[in-house]
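Accompanying notes for the structure given below.
The values are calculated or read from the model by the stated rules, or taken from the named source; none is laboratory data. Quantities reported herein were computed from a predicted structural model and do not represent experimental measurements. Note that we place each Cβ from the backbone using ideal geometry, even for glycine, and neighbour counts take in every protein chain shown. These accessible areas exclude ligands, DNA and RNA; they are computed on the full protein's heavy atoms, side chains included. Shrake-Rupley method; radii C 1.70, N 1.55, O 1.52, S 1.80 Å.
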Amino acid sequence: SSDEALKKADAEVKALLKQLQPDSWHSPQPFVQGLADIRRLRGHLLTIAEYRYIDTQRIAELNQQLEKAQINLSEKTVTFLAKDEALKPLYQDLAEQEKIMASVSIRADMQAPLQALEKLGQGLDLLTETISAITQAEANTRTRIIEAISSLYAHLNQARARAQNKLKELGSAEALAQ
């Protein structure tokens, strides 16, 4: 029913707003996830606003709360990502996966680090999309952030290439062993 949908949406908005604590975040993922969650919830509000007999005034209030949170979080995201050390956790994740791949001696053991590289790539895609969508950021700052992300992409692509070569080597070695 409309009442149930509104109550559920109201609870989700309250929970999300309570969960958004950007001052305590030290890596890009929570910022990106927070913005994605806000966008998803705002879309959901648009959907349920079409329900018959729904309190459109309350929907508008919830949407306004989310819009404020989105603007605030966007600003904090840009401020965070403009710091030189912002992408350091992602570089550390990448280095960790490369270390794991270097020690692998069986083709099957390459799956976990390959999946981790894929997940990192998806995170970078979302990060780039997020920064591109934040239009209130100063152009030079946005450009600097996108360049930093591009540099990380380059490292990621090199790691993927090394992983593919390692897979080929392991495949050849395993074929010879048989």
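Return the loop-located GluC sites (Glu not before Pro) in segment 99-138 (DSSP other than H, G, I, E, B) with at most 13 other Cβ atoms within 10 Å of their own Cβ; answer none if there are none.
The qualifying sites are 138.
By its C-alpha gyration tensor, with a ≥ b ≥ c as the square roots of the eigenvalues, how is segment 54-111 shaped: rounded for a/c under 1.5, else prolate for a/b larger than b/c, else oblate? The partial results should precede the final answer.
On the way: a/c = 10.95, a/b = 2.25, b/c = 4.87.
The shape class here is oblate.
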| Mean residue ellipticity at 222 nm from the helices of the chain, using -39,500 (n - 2.57) per DSSP H segment of n ≥ 4 over the full residue count, to the nearest 500 deg cm²/dmol? | -28500 deg cm²/dmol
| field | 0 to 90° range, to nearest 10: angle between helix 28-48 axis and the chain longest Cα axis | value | 40
| Taking the alpha carbon gyration tensor of segment 85-166, what are the square roots of 5 times its eigenvalues, largest first, to the nearest whole Å? | 29, 11, 9
| request: Calculate how steeply helix 2-19 sits against the longest principal axis of the alpha-carbon atoms of the chain, using the helix alpha-carbon long axis, and give the answer as 0 to 90 degrees to the nearest 10. | output: 60
| Value in Å of the Kirkwood radius, where the chain supplies the Cα pairs that are averaged | 18.8
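Report in % the part of the accessible area of segment 10-83 that belongs to carbon and sulfur, leaving out ligands and nucleic acids; probe 1.4 Å. Walk me through the intermediate numbers first.
On the way: 2230 of 4380 Å².
After summing per-atom areas, the C and S share lands at 51 percent.
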| remark: Computed over the chain: longest principal axis from alpha-carbon atoms vs helix 88-103 long axis, angle to nearest 10 degrees, is 30
| remark: For segment 150-155, Karplus-derived ³J(HN,Hα) couplings (6.51, -1.76, 1.60; θ = phi - 60°; whole Hz; x for glycine and proline) come out as 4, 4, 5, 4, 4, 4
| request: Roll a 1.4 Å probe over the protein chains and send me the accessible area per residue for the chain in Å². | output: 61
| note | For segment 10-157, averaging the sequence separation of alpha carbon pairs under 8 Å that lie six or more residues apart and dividing by its residue count, the contact order in percent is 27
